[in-house]
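Read through the structure below, which is laid out as structure tokens, and then see the notes.
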Amino acid sequence: MQPTSSPAETPSAESSTPVTSSTPQPVLQRTLPDLASQVSYSAERFQSKMVLDRAGQNSLVFAFAQGQELKRHTTPQEALLVVLEGEASFQLPDEGSAQTLKAEQVIQIPAHVPHALVALTNFKMVLVK
């Protein structure tokens, strides 16, 4: 009886390339953008930049210098507010309540509910709607 070998150890008659052990391929490194660095603070007015604009989904990054505000308004759809840095007072004027938002917090803003925001410190956020 002749010893048998597995197909992985025997070069294929159809292939002239010898079978070798697989070596890991290098992983491509991709630098992802830091959203907070997409906008800068301005003493004149708050700044914003659209970072995603697709059918049915928009994301904007905002930068508010301390004391700047987003006046009372409503949105036609629900939105998520993601705090990147700083602190702000988020107000629901019709409900008479305010909440201090801090870095790493995420809140859900209901559609058609009046709300406002005042930056207590330099403040950056992402709005996803």
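Note on the stretch 62-114: residues that are of a type in the set (D, E, K, R), in contact (Cβ under 8 Å) with a residue 24 or more places away in the chain and loosely packed, with under 13 Cβ neighbours inside 10 Å total 1.
Criterion first (of a type outside the set (S, T, N, Q) and either modelled with pLDDT of 95 or more or part of a loop (DSSP other than H, G, I, E, B) (or both)) does Leu80 satisfy it? Yes; evaluated as a whole, the condition is true for this residue.
For the stretch 29-77, filtered to residues that are assigned to a loop (DSSP other than H, G, I, E, B) and closer than 21 Å to Gln108 by Cβ, the residue that is modelled with the lowest pLDDT is Gly56.
Each residue in the stretch 83-113 was checked for being assigned to a strand (DSSP E or B), among the polar types (S, T, N, Q) and closer than 25 Å to Asp53 by Cα, and 1 of them qualify. When restricted to residues that are closer than 17 Å to Phe123 by Cα and of a type outside the set (S, T, N, Q), the stretch 51-63 contains 4. Out of all the residues in the stretch 114-128, is one or more in a strand (DSSP E or B), of a type in the set (Val, Ile, Thr) and within 20 Å of the chain's Cα centre (by Cα)? Yes, the stretch 114-128 contains at least one residue that is in a strand (DSSP E or B), of a type in the set (Val, Ile, Thr) and within 20 Å of the chain's Cα centre (by Cα).
The values are calculated or read from the model by the stated rules, or taken from the named source; none is laboratory data. These numbers were taken from a predicted model, which means no experiment stands behind them. Every residue, glycine among them, receives a Cβ derived from its backbone with ideal geometry; neighbour counts consider all protein chains shown.
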